[in-house]
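The values are calculated or read from the model by the stated rules, or taken from the named source; none is laboratory data. Treat the numbers as computed from the prediction; the structure is a model and nothing was measured. Because the Cβ atoms are built from the backbone with ideal geometry, glycine has one as well, and the counts that use them run over all protein chains shown.
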Amino acid sequence: MTKSQIVKYAAVSILGTAISVFIFYSINKTYQDRNKATVDNAVAKAELKLGEELNKINLVIESMAFFYENTSEVSQQLFERFTNPFLKELNGIGALEWAPKVEDSLEKDFERLTIITKANATDSLVVSTTKGIHYPIQVLNPLKSLQKAVGYDLYSDDTRRRAIDRAIETQAISLSGPMALVLNNDGIPGVMAVKSVSDTIKNRTKGVVAAVYRMDALIGNTLDSELKVLSICIHDETSESELLYSSFDKGKTEDFFNNSINKRIKAADRLWDIHFIPKPKYLSFPHAFESYVVLVLGLISTLLLTYTIKKRDGYNDRLEARVRLRTAELEASNALKENLLREIHHRVKNNLQITSSLMNMQKRKLNSQEAITALEDSQARIMAIALTHQKIYQDKDSKAVNLSEYLNDLMEHTKKISSSFSYKIDCPDISIDLDRAVPLALIISELATNAVKHAYPDATKYNELLVNVERSNNQEVSLTMLDNGQGLPDDFDIENAEGIGFEIIRALCRQISAKLTYASNGKGTQFNLVFRNIV
């Protein structure tokens, strides 16, 4: 067994196991997403229900305040008849109350009917001896279970007093912070919604209407179904985050900090910071039965697949050995051919350079300027071809010529012949296939040679040759050569130009299916060559 086979078997086993485990977790993730949706739905409903309940409290308090502002005397019986519908609609309401404002001058008149009381240190109700302003409860509903609260001075408790003062100051509904209940006080906090009632004729406060809630009753009755999904913890942010209510197990603080969903609700003039913590059932991993069935079947299938692959490998090994042998033979043959081809291009380049050197020797013995020019033109063409072969054998595969490198080498060679110009080349990384490389090299060489020889009669001026190459999406390449010379004659026609250079250019353009256009004025000449390149 080879190393690659061991890796393959391991890969199949790992992949099969990974897929099985992935499906296993995907199934359980579906259940987790379902649980999360249940939690999110419960949070949204809880937030909505609490908001609606607080709005109902506001409506009830406003109705009671309006009732007292427009009624001079309200008996217990009339109060109960007016507030009974409210008690049925409000979830977890403890009591609805009316407490008139009693000042020192009216205290004795009030005490003829009801004794004013307050809570002592042990939360027992005792007769109030405090002088000043009192807001004793005169009527409340339900009366039967809360009879002892009649006469209790709401203003004697700091928390209630602050709420009453805010209600009077703002002339709006005020909600107290967490407070101790007067009766049935077992440590569970309550809250009181209160609004002042004004006597518009005498321009004074008549008293306050109030609704008292026990927080566990308010939350338990309002969010009965949501508490099956969520634990809820409420802090009064306005009162320095005092705890109002909590159904959360205090021993699981990690769940509180990691999984708490925090919301804020405006309760009258206060802000409640509410933490929703999903029950453990909705946080734990589901362990769905079908996920384990899929996991076991997936692992068994992985083992069977690995066994089948291993069995077939015995047959494939013999075929692969023959393929490797044949591949090695072909690679060796291809390497030999590539080296031979590279050597051929190298020798062709050397032979062309020798030919150019021989022409140079012959040129020194000639007196005819026409013959010397003809030899120089031939030398330029030979060097263009030699540079092409040099770039071919320098290519790692000997299959293409880098156009940017070729243009730079050609311009440098041309500049050695005539230093009366400078050049700039803008060419992306383009490789030219062998069928087009030599013809294209000769075309570029002819255009560059013509520009250097004919465009710049005054060598003292700044003569510049610009070469720009662009490639389009349809495999077309556009090469532009622009000089700032004297321009072409007005009657010049590239199709009828008689020089051998343009004859060569026209023939080579036909050979590689290239299109050559030009534009000329007194400030220079521009040639544009467009050809297809399939590399």
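Descriptive notes on the structure:
- Condition met for Gly298 (part of a helix (DSSP H, G or I), outside the structural domain of Leu227 (by TED's automatic domain parsing) and at pLDDT below 85): no
- Failed item in (1) at pLDDT 75 or above; (2) surrounded by fewer than 16 Cβ atoms within 10 Å (Cβ to Cβ); (3) under 49 Å from the mean Cα position of the chain (by Cα), with Asp313 passing the rest: (2)
- Among residues of the stretch 226-251, those that are in contact (Cβ under 8 Å) with a residue 12 or more places away in the chain and assigned to a loop (DSSP other than H, G, I, E, B), counted: 5
- In this structure, His346 qualifies as part of a helix (DSSP H, G or I), in contact with a Phe, Trp or Tyr (Cβ under 6 Å, 6 or more places away or on another chain), at pLDDT below 85 and on the phi < 0 side of the Ramachandran plot.
- Verdict on Ala448 being closer than 17 Å to Ser520 by Cα, free of Cβ contacts under 8 Å to residues at least 24 places away in the same chain and not β-branched (Val, Ile, Thr): no
- Exactly one residue among Ser63, Ser20, Ser26, Ser13 is closer than 30 Å to Leu283 by Cα, surrounded by 14 or more Cβ atoms within 10 Å (Cβ to Cβ) and hydroxyl-bearing (Ser, Thr, Tyr), and that residue is Ser20.
- Residue in the stretch 92-102 that is at pLDDT below 90, in the same structural domain as Leu227 (by TED's automatic domain parsing), within 47 Å of the chain's Cα centre (by Cα) and in a loop (DSSP other than H, G, I, E, B) present: yes
- Residue in the stretch 369-376 that is modelled with pLDDT under 80 and of a type in the set (D, E, K, R) present: yes
- Complete set of residues in the stretch 129-158 that are surrounded by 15 or more Cβ atoms within 10 Å (Cβ to Cβ) and part of a loop (DSSP other than H, G, I, E, B): Ile133, Tyr135, Ile137, Gln138, Pro142, Leu143, Leu146, Val150, Gly151, Asp157
- Only one of Leu516, Leu488, Leu465 that is in contact with a Cys (Cβ under 6 Å, 6 or more places away or on another chain) and closer than 15 Å to Glu446 by Cβ: Leu516
- The single condition among (1) surrounded by 14 or more Cβ atoms within 10 Å (Cβ to Cβ); (2) modelled with pLDDT of 90 or more that Gln171 does not meet is (1).
- Residues of the stretch 80-99 that are surrounded by 19 or more Cβ atoms within 10 Å (Cβ to Cβ) and acidic (Asp, Glu): Glu97 alone.
Residue by residue, here is whether (1) touching a Phe, Trp or Tyr at 6+ places or on another chain (Cβ under 8 Å); (2) part of a loop (DSSP other than H, G, I, E, B); (3) among the basic types (Lys, Arg) holds:
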position	(1), (2), (3)
Asp435	no, no, no
Ile443	no, no, no
Ser478	no, no, no
Gly487	no, yes, no
Ile494	yes, yes, no
Glu498	no, yes, no
Gly501	no, no, no
Leu508	no, no, no
Tyr518	yes, no, no
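- Taken over the stretch 77-103, residues that are under 25 Å from Leu218 (Cβ atoms) and out of contact with any Ser or Thr (no Cβ under 7 Å at 6 or more places or on another chain) amount to 18.
- The set of residues in the stretch 58-81 being more than 22 Å from Ala268 (Cβ to Cβ), part of a helix (DSSP H, G or I) and not aliphatic (A, V, I, L, M) consists of Gln76, Gln77, Phe79, Glu80, Arg81.
- Restricting attention to the stretch 37-86, the residues being hydrophobic (A, V, I, L, M, F, W, C) and at pLDDT below 90 number 1.
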